[in-house]
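Following: one structure in structure tokens, then a few remarks.
Since every read-out is calculated from the coordinates, none of them should be taken as a lab result. Model, not experiment: these values are computed from the prediction. A quick note on method: Cβ atoms are made from the backbone with ideal geometry, for glycine too, and the neighbour counts reach across all protein chains shown.
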């Protein structure tokens, strides 16, 4: 049984996915909050055969709430006599190359920030941009731009895409704000992208006008995820998004990203990321060392009682920038983890507390796949793949707004703040409590297991995440009894 009653639910939207949320007017009332009719005015060119972009999008956004996985099942189900449009009406919109799905997503973010400005203005909460990727498994080898990609959880190649997401934590809620789909070339030149040349020739292909939105999204599939992530970050800063920290795992933490973050001139932005580039060297005590050598020079590690971790730290110079390296391990025999932080004023505990916010994006991936069918689209058209992921993210934003109203904000006036004791613990606080509890359990039972690595693997495995969520919910029932 968990000691901290505030952490026994690690899910966010799933906890509030109640029958009242599935009422027919949920989508329409939620879209009114976002002034959806006004947002759709920038897409007048997609009106086809009498059906407006607004109407088609409203139907597509409603699919998870009427238990429809595909357009075909939706039209043959409970709405069969209420929708006169055929399936091609919806397919044409998702395949349309003229729609800027990225612009639509940013419009929803801007409106979300406008709706929640009363609860976030003047707040001391830390705002973060979070980068991570997840696997979207597919079944068709002829899907445009498809490839075999490596699944780091199952440790095997899987047919599909890697979805890169940039999310925004505003101090209360996690909102996905940008995305790109990627494929992997592979090391076998005889089988590029892991496919036979005959299979590549049979893949669906679209002619795209150079410079168009569709052309740009298709081009991103062969860009490195780091380059795409830096472009997303620059786009967010240029749009005036308030950011205090950028959080990432070891895949994205590199010199290029550090430079991009520290070059922001409008306001101070810092980076916190796991670091694993073993050959990179830092200036420490007037000599160049790798982070492994620096760790050996920092002396006897300290012990953090709150986190049950051993740690050391060192302020170094990295390509002309002063940064701080934190080294931590669980137990005396645990493996050392290295975290790079550009904010040299942070203590180890404060850095760890901020960095745990990164796990909110893992919760988003798990819940979007379980509740909203993220990545289930099997269309051969790459534009439809982008459209489907964007629609899923918009659905998540609508649910987040609803959940925020019912759990974090006052119902008397839209988003008027009330006393902290009267609102639920936020997701990052629950994750922080859960992480500390796991550290304590692992130290007392399995001293040699690395708790942080285990925690991340749980969130990357939907089955393990679901089992842990069910276990914690049962603990809540036991405590109530």
With the 8 Å Cα cutoff and a minimum separation of six or more residues, the stretch 68-219 has a relative contact order in percent of 21
Here the FRET efficiency for residue 207 versus residue 290, based on Cβ atoms and R0 = 56 Å and rounded to 0.05, is 0.70
Protection proxy (average C-beta count within 10 Å per residue), highest first, orders 161-172, 304-315 as 161-172, 304-315
Note to self: C-alpha centroids of the stretch 324-397 and the stretch 279-313 sit apart, in Å, by 25
Expected sort for 318, 245 with the fewest Cβ neighbours (10 Å cutoff) up front is 318, 245
Expressed as a whole-number percentage, the relative contact order of the stretch 267-393 with C-alpha contacts under 8 angstrom and at least six residues apart is 19
Expressed in nanometres to one decimal, the distance between label points 7 Å along Cα→Cβ at residue 215 and residue 304 is 4.9
The FRET efficiency for residue 52 and residue 242, from their Cβ-Cβ distance with R0 = 45 Å and rounded to 0.05, is 0.85
With the label point 7 Å along the Cα-to-beta-carbon line of residue 191 and a cut-off under 16 Å to each amide N, the hits in the stretch 147-167 are 147-151, 156-160
Percent of all Cα-Cα pairs per 10 Å bin for the stretch 255-345, counting from 0 up to the last occupied bin, reads 16, 48, 28, 8, 0
Each label sits 7 Å from Cα toward the beta-carbon; between residue 35 and residue 332 the label points are separated, in nm, by 6.4
